[in-house]
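The values are calculated or read from the model by the stated rules, or taken from the named source; none is laboratory data. Just so we're clear, the structure is a prediction, and the values are computed from it rather than from any experiment. Methodologically, a virtual Cβ is constructed for each residue, glycine included, from the backbone with ideal geometry; neighbour enumeration extends over all protein chains shown. These area figures cover heavy atoms from the full protein model, side chains too; ligands, DNA and RNA do not enter into them. Shrake-Rupley method; radii C 1.70, N 1.55, O 1.52, S 1.80 Å.
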Amino acid sequence: MWCNYLITIDLYYFTFFSIMFNYLPPLPSLKGILRQNTYSSFVVKFSFGCLVLGSPFGGRKGAKSYSMKILLLGSGGREHAFAWKMAQSPLCEKLYIAPGNAGTCQFGENVSIGVNDFAAIEKFVLANKVEMVVVGPEDPLVNGIYDYFLANESLSKIPVIGPSKLGAQLEGSKAFSKVFMLKHGIPTAIYQEFSAHNLDAGLDYIEHQTLPIVLKADGLAAGKGVLICQTKEEAKAELREMIANAKFGKASSKVVIEQFLKGIEFSVFVLTDGINYKILPQAKDYKRIGEGDTGLNTGGMGCISPVPFVDEALMKKVEERVIIPTIKGLQKDKITYKGFIYIGFMQTELPNGQVEPFVIEYNCRMGDPETEIVFPRIKSDLVKHFVALAEGELQNEVIEIDPRAAATVIVASGGYPEDYQKGKEITGIDAVKDSIVFHAGTKAEGGKILTNGGRVLAVTSYGKSITEAVATSNAAIEKINFEGKYYRKDIGYEFKGTPGV
């Protein structure tokens, strides 16, 4: 009767066997590829007389390649940045993007499937032998795509990079995240939550608050569910609109009213398997449409990294007071979380003069346009990190960071964030040589690239300083043209003149 043997062979012995059998080329070990990229040992499996290499997920790939087929969900600038970064990995044999945009197809194959069409995703994954699914946007995570795969026997062994449905509630429900933070001692603004059954109590609560007053729709509202009211009358009117008149649909059936925190915002990003974590480069984004941070809020008009005021001492506070309690809280609450945590902070000065980081919000995925600046600053193999996460070996990974400054500037459609037109031809992208152009709201049609959203492109550049990186992005944008093109020329403006910036 045939037996299976698992044999570990040093490189020298493996080379000898390779020559003797003329069967396999001398290659680095899978363990070496996935951990430290060194030629140390090689794992082979003799099974019924056949020599088969181990794979990242249990030997499914065979001897020809270590790489795998990956499905990326999403269609924005964030997903273009994911595709750009993941396609650089030798572990990525084939990349599919559903549904993708006019830029993502440079790095893989766009597939016309909606991110929330789980049945169609299942069918595609099985038909194309996809071995990993990476989730870009929040909607499919909040809707439970991780749980969908786990509950399906044919899908359960395929890693999904993203948290469980319960874990995604850190973003999916403002009330859930507030309860989580208070329970685990994570610093955040004082708050109360209200719905239709206690609307009058909410109106009375507003009367006793100091100005300005922050109202947050509990659910997902496409980045538009946060209002900062300057008067109590405005706050009361908006609370009625949100709850009684469903201003943000079901998302505002419950509203969180919280203390306004004054300070300067920054964001920290964490990759975690729910036990171990790795901190990625931090960033600061610019939400307002107008220069000098004026006008309406948007999904983000640009960002910088690193953040000048986020020094080692502040990051130590962030890690000890927020990141570690968050990871431990997930464990204590038995919440499965295997993906990114985006933590939005406000650096706030307290009455005693101390400056402390308070959590404004969690996101259960990478941000946009933050991904377009964070991933270019990561030098190491992102897919390799994902494999380690899926195999429970994230603690062995080293995230290599590019020391250069970087700046991302968003090119938007005229009229955004209010009414704007689509279908405008974009020219000049090929003329950009010193920056990375990520597509956000674009589509390919008739051999042309057309605008297809409010935020159209994200242009990222490196520099010796933030000022230099911003200038390079702005110069690149001047080479790009479409009708109604708009961008903020002042990203990073408050740091100009700061030494080293």
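Values for this structure:
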read-out: Under the Karplus curve 6.51 cos²θ - 1.76 cosθ + 1.60, θ = phi - 60°, whole-Hz ³J(HN,Hα) for region 392-405, x wherever Gly or Pro sits; value: x, 10, 4, 4, 8, 7, 10, 7, 8, 10, 6, x, 5, 6
read-out: Region 330-347 - phi-based ³J(HN,Hα) in whole Hz, Karplus 6.51/-1.76/1.60, Gly and Pro as x; value: 4, 5, 4, 8, 6, 9, 6, 9, 9, x, 8, 10, 9, 10, x, 10, 10, 7
read-out: Those trypsin sites (Lys or Arg not before Pro) in region 461-501 that DSSP places in a loop and that have at most 14 other beta carbons within 10 Å; value: 464, 489, 496
read-out: Fraction of accessible area attributable to carbon and sulfur, the chain (%, probe 1.4 Å); value: 53
read-out: Label-to-label distance, nm, for residues given as residue 312 and residue 259 (7 Å Cα→Cβ offset); value: 3.1
read-out: Normalised contact order of the chain, rounded percent, pairs of Cα under 8 Å and 6 or more residues apart; value: 13
read-out: Whole-Hz couplings from phi, Karplus 6.51/-1.76/1.60, listed for region 156-164; x for Gly and Pro; value: 4, 8, 8, x, 10, 8, x, x, 5
read-out: Principal axis dimensions, the chain - Cα atoms, whole angstrom, descending; value: 83, 52, 47
read-out: Volume per residue that the Cα convex hull of region 54-196 spans, once the total is divided by residue count, Å³; value: 159
read-out: Rounded, prolate or oblate (a/c below 1.5 giving rounded, otherwise prolate when a/b exceeds b/c) for region 96-168 by Cα gyration tensor; value: oblate
read-out: Among 68-79, 149-160, 236-247, the order from most to least packed when residues are scored by Cβ within 10 Å on average; value: 68-79, 236-247, 149-160
read-out: Residue 182 accessible area, 1.4 Å probe, all protein chains in place, Å² to nearest 10; value: 110
read-out: Accessible area per residue, Å², the chain with all protein chains present, probe 1.4 Å; value: 45
read-out: Under-5 Å amide H pairs with residue 449, H placed in peptide plane, nonlocal only; value: 426
